[in-house]
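Derivation of every value follows stated rules applied to the coordinates shown; laboratory data play no part. Small disclaimer: the values here were computed from a predicted structure and weren't measured. Positions of Cβ are generated from backbone atoms using ideal geometry, with glycine treated the same way; all protein chains shown enter the neighbour counts.
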Amino acid sequence: MVEPIDRLESNARNYARQFPTVFKSALGSRMTDEEGREYIDFFSGAGSVNYGHNYPQVNQALVSYIQSNGIQSSLDMTTSAKIEFLKKFEQTILSPRNLDYRVQFTGPTGSNAVEAAIKLARKQTGRSHIAAFTGACHGHSLGSLALTSNQSYHSEFYGSHNNVTHLPYEGYWGDRDTSELLEKMLDDNGSGLPKPAAVILETIQAAGGVNVASTKWLRRVAEACQKRDIRLIVDEAQVGCGRSGQFFSFEQAGIKPDIVCLSKSIGGGLPMSLNLIRRELDTWKPGEHGGTFRGNNLAFVAGSAVLDHWINPSFELEILQRGTRVKAALDEIAHEHPDFASTVRGRGLIWALDVHNNLVAKEIIDLAFQRGLLISAVGSRQEVLRCMPALNIPSELLQQGLEILKHCVSDVFEFRRCASRSEIGPSLPASNVCPTRANSVANPATPMTSPLSNDTSNSASPLASTY
Ligand SMILES: Cc1ncc(COP(=O)(O)O)c(C=O)c1O
């Protein structure tokens, strides 16, 4: 029982349950709890601290801004911090990529940006329908939730699917080309799909299980939208800001979306979101889309400081090199345990080991936590382990984290083999069941869940690994 959390904080809390400790401080890729235990962070605040915790240049810039009595909250008034951010964003990100976008600051969450994007598309086209994809995660506010596909979050009470159709993402239906299906449905009067105002997609579905769309698929979807006067919205909340290896995850495909939603790390670790809108599509009237916290000046300051990474010409290469090491480590794990048929996928510095079983994933996450590694599960049943270290994680720490992960997976797989041979009961203490597992568990009182069950749900466990 943690006071006052268990008594006062809503039952909706999630990661507090997955990582049951009291975190106190963090620096770079390490988090430390109140007991002084250190954890290597392969979670990165679901992509909101891509440059690590308390990045020194961010802290220095924030301290000096606060000490100079810099403006903190200002709705969308003009401030020096905003001008500085916009200039730097244009110089380091937009101009080098030849991108001509207007910047709309929305409320500070990814959901806020998504809401604004679909609203603009609806206003411009005079159509209300939106096409999203299977495996999509665009947030939890009611409008963005309607686009999020995981049924765990939906209820008819929310009217949650209003005006949204989910179509199959690439790979959802084996090798079939689902972009072709999209075109067919758009052109077929009898498909039942109303002509949408927009198609919204993630180029890499992070929370959906690290599903990576190909260049071919993305280009075909982009062309399909362009030909039919349908807005293409690319939601970069999680895999933008360098996570894919380039600043924008759509760069590789050579497409130019009509609207791009950026969030999480765009604020250098502080809450900020924005939409990039193709200049000719910026048809908002003054004040038409509001929000009190569109002017988080501290995030402008922090966001400007982290943009310096993108001045370094070798930064992208360094991200890709780190990603290659993560992929190699996951490939090795998968090859060492062919009987578990786990699969590896990802791009840039977001990689996944799909263990095809939510219980196995949970056991690995719990064991990794006990051994000082933070990692989370994604996918429609939380059956996919997602590795998302900071883009600038030092080499030795990355290696250390990968070693922990490797041993945790091996030990859980070994426990599973052992358990399936001895047909153990539904919930046994670790020390009773498998020598390898028992020796490796830091807290032997932690019960292992039955390998025979396939459902982790109970009142105490989180509904899902939200992001
Ligand atoms: C692609 C994507 N869009 C939107 C969101 C929602 O962002 P927020 O939780 O800040 O509302 C998320 C959250 O992880 C996301 O991954």
Distance from a point 7 Å along Cα→Cβ of residue 173 to each backbone N in segment 194-238: keep the residues under 20 Å and list them by number. 194-196, 199-202, 205, 211-225
Quick check: the angle from helix 80-89's long axis to the longest principal axis of the chain, C-alpha only, nearest 10 degrees? 80 degrees
Exposure proxy order (Cβ contacts within 10 Å, fewest to most) of 175, 235, 33: 175, 33, 235
For the chain, averaging the sequence separation of alpha carbon pairs under 8 Å that lie six or more residues apart and dividing by its residue count, the contact order in percent is 21 percent
Residue span residue 66 to residue 339: 0.36 nm per residue of separation minus Cα-Cα distance leaves a gain in nm of 92.7 nm
So what is the 222 nm mean residue ellipticity for the chain from helices alone, if each DSSP H run of at least 4 adds -39500 (n - 2.57) and you divide by all residues, rounding to the nearest 500 deg cm²/dmol? -10500 deg cm²/dmol
Could you tell me the distance between the Cα centroids of segment 212-254 and segment 44-84, to the nearest Å? 28 Å
For residue 312 and residue 73, extending 7 Å from Cα along the Cα-Cβ vector and measuring point to point gives, in nm, a value of 3.5 nm
To the nearest 20 debye, segment 157-229 has a Cα-centred charge dipole, built from +1 on Lys and Arg Cβ and -1 on Asp and Glu Cβ, of 100 debye
Specify the angular offset, from 0 to 90 degrees and rounded to the nearest 10, of the alpha carbon long axis of helix 358-370 from the longest principal axis of the alpha carbons in the chain. 80 degrees
I'd like the Karplus ³J(HN,Hα) series for segment 39-51: coefficients 6.51, -1.76, 1.60, θ = phi - 60°, whole numbers in Hz, and an x wherever there's a Gly or Pro. 10, 7, 9, 9, 10, 6, x, 6, x, 8, 10, 4, 9
Given the candidates 326, 384, 287, the one whose Cα lies deepest towards the positive end of the charge dipole of the chain, counting +1 at each Lys or Arg C-beta and -1 at each Asp or Glu C-beta, is 287
Just name one of 126, 266, 250: the one whose Cα is farthest towards the positive end of the charge dipole of segment 57-311 (beta-carbon charges, Lys/Arg +1, Asp/Glu -1). 126
Ratio for segment 1-156, C-alpha Rg to 2.2 N^0.38 Å, reads 1.33
Given Cβ point charges of +1 (Lys, Arg) and -1 (Asp, Glu) and nothing else, what value in debye, to the nearest 20, does the dipole of segment 57-311 about its Cα centre take? 400 debye
Report the gain in length on full extension from residue 370 to residue 9: 0.36 nm times residue separation, minus Cα-Cα distance, nm rounded to one decimal. 127.6 nm
Would you mind checking the tilt of helix 178-187 against the longest principal axis of the Cα atoms of the chain, expressed as 0 to 90 degrees and rounded to 10? 40 degrees
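Ranked by Cβ crowding within 10 angstrom, fewest neighbours first, how are 408, 261 ordered? Could the numbers behind the result be given before it?
On the way: 408 24, 261 31.
Sorted ascending by nearby Cβ count, the order is 408, 261.
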Dipole magnitude of segment 320-419, debye to nearest 20 (Cβ charges: Lys/Arg +1, Asp/Glu -1, about Cα centre): 340 debye
Can you pull the percent of Cα pairs in segment 54-121 with separation above 18 Å? 57 percent
Which FRET efficiency value, to the nearest 0.05, do you get for residue 288 and residue 140 by plugging their Cβ-Cβ distance into 1/(1 + (r/R0)^6) with R0 = 35 Å? 0.90
Between residue 83 and residue 418, what FRET efficiency follows from the Cβ-Cβ distance if R0 is 56 Å, with the result rounded to 0.05? 0.35
Proxy reagent accessibility, fewest Cβ within 10 Å first, across 388, 185, 77, 31: 77, 185, 31, 388
Starting from the amide H of residue 345, placed 1.01 Å from N in the peptide plane, find each other amide H under 5 Å away whose residue is 5 or more places distant or on another chain. 352, 354
Positive-end residue of 181, 150, 197, charge dipole of segment 134-253 with Cβ unit charges: 197
Quick one: what are the phi-derived ³J(HN,Hα) couplings along segment 138-153, Karplus 6.51/-1.76/1.60 with θ = phi - 60°, whole Hz, x for glycine and proline? 10, x, 10, 6, 4, x, 6, 5, 4, 8, 7, 8, 4, 5, 4, 9
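May I ask you to derive the FRET efficiency for residue 16 and residue 37 from their Cβ-Cβ distance with R0 = 22 Å, giving the value to the nearest 0.05?
Approximately 0.85, to the nearest 0.05.
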Amide H to amide H under 5 Å from residue 129: which residues, 5+ apart in sequence or cross-chain, H placed 1.01 Å off N in plane? 197
